[in-house]
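The values are calculated or read from the model by the stated rules, or taken from the named source; none is laboratory data. Remember, predicted model here, so these are calculated numbers, not experimental data. Neighbour counts run over all protein chains shown; Cβ positions are idealised from the backbone, glycine included. Quick note on the areas: whole protein, heavy atoms, side chains included, nothing else; ligands and nucleic acids left out. Shrake-Rupley method; radii C 1.70, N 1.55, O 1.52, S 1.80 Å.
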Amino acid sequence: MYEQEGLQNSIYLLLYGATAMLAVVSCLYLLMRRYNMFSISEPPVRLRRWAAAFLAADALSHIWWIVIGTVVIVDDRLVRNAVNIGLDSVTLVPLMMVTLICMLQDKRRKLWPIGVATIPVVVAVAWGIAGHHTVYEDFVRNYLIAISIFFIAYMVFCVLQYGKWLRDNYADLEHKEVWQSLVLLVAILLTFVCYKTNFGGFMSEYAVQLMTIVLISFLLWRVETLQLLEPADDHNNENTPDEEGQSVCVPSYINTLLAEHCEANELYLQHDLTIGTLCAATGTNRTYLSGLFSQQGINYNTYINQLRIQHFMRLYRETIANESPYTTQELALKSGFRSYRTFSTSFKQLMGMTPTEWMKKQ
């Protein structure tokens, strides 16, 4: 991640070394710490390990670009760049892709295609070194850009799937959503384009290091705040109706069970209430509950938020009637929401107005 000009610039070398050190410290932190620092949620161990592997590769990349360029291969620029680009392409790129995929916890997606996708790069780099052909650079650059575009499209599709799964299975989405990973993808792509095109000359080298620092910091924050989730399996009812392509005939008593065990008992006030927990409390299965919500044109998350907002409205009216002191944030927390931001967003989506606007009309 450098050109020879950078070796003569002390400020750039300090930035280069700081970026490598940040990657090392972040890698060790993820490997050695068992629990998240920025949230009380249990961390996904698999994600932390892959993220640590990526950070280790980033730190090593900073080392081998310097060592190979100044010690091992000094005079032959083509071979030097080919080796370094090849090492980056089989470590940094696939590890970043794997890390992003591991953020999606609705199911375990196959990772081996990412490894297979690096084979053409290895072949092209080996051919460039053996024949001393510069054309390999254009092939590798264009191939990696094409792979990046394909992967971004794939991630957008997977994130949409993941978001639907979250709303169908979880009442609270804090520390679970991963749409920010798409922002991470954009940062990676900008870093790659800036580096490969050398846009702006030597200033692009500064830009690459600064964007790498942002990327490492963002990745560390995302891994640290993401909550461990398990794919929802209905263990209580093994013989459930088939949901694949078939409409589910929902028994009429399901509504009664929800009214009795969720609404009357105010089960919806429980934080991190999953649809599996609700199934156990009502004595039914996920297929019937999902089918019922689908018939009503909502999902599980919407159902729970509706109950919580109705609870908030009752609390507000009772508080006003009793002339008791209150804050909107306090009432929102008492209604089952974990944060005011989530409450405000849900309230506006369901009521078509902000909580403040609604309260002024009362």
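For the reader, a short list of remarks on this structure follows.
- When segment 103-125 is filtered for residues that are in contact (Cβ under 8 Å) with a residue 12 or more places away in the chain and in a helix (DSSP H, G or I), the ones remaining, listed by number, are 114, 115, 117, 120, 121, 122, 124, 125.
- When 95, 182, 160, 100 are checked against the criterion of being exposed (fewer than 12 other Cβ atoms within 10 Å of the Cβ), of a type in the set (A, V, I, L, M, F, W, C) and in a helix (DSSP H, G or I), 160 stands alone in meeting it.
Each row is one residue, and each column tells you yes or no for (1) over 14 Å from residue 258 (Cα atoms); (2) modelled with pLDDT of 90 or more; (3) aliphatic (A, V, I, L, M).
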site	(1), (2), (3)
278	no, yes, yes
304	no, yes, yes
324	yes, no, no
331	yes, yes, yes
335	yes, yes, no
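- Among the residues making up segment 264-283, those that are polar (S, T, N, Q) and open to solvent by 50 Å² or more (accessible area, probe 1.4 Å) are 265, 270, 277.
- Qualifying residue in segment 169-186 (condition: of a type in the set (Val, Ile, Thr), over 30 Å from residue 269 (Cβ atoms) and more than 11 Å from the chain's Cα centre (by Cα)): yes
- Qualifying residue in segment 63-84 (condition: farther than 20 Å from residue 123 by Cα, assigned to a helix (DSSP H, G or I), open to solvent by 20 Å² or more (accessible area, probe 1.4 Å) and of a type in the set (Lys, Arg)): no
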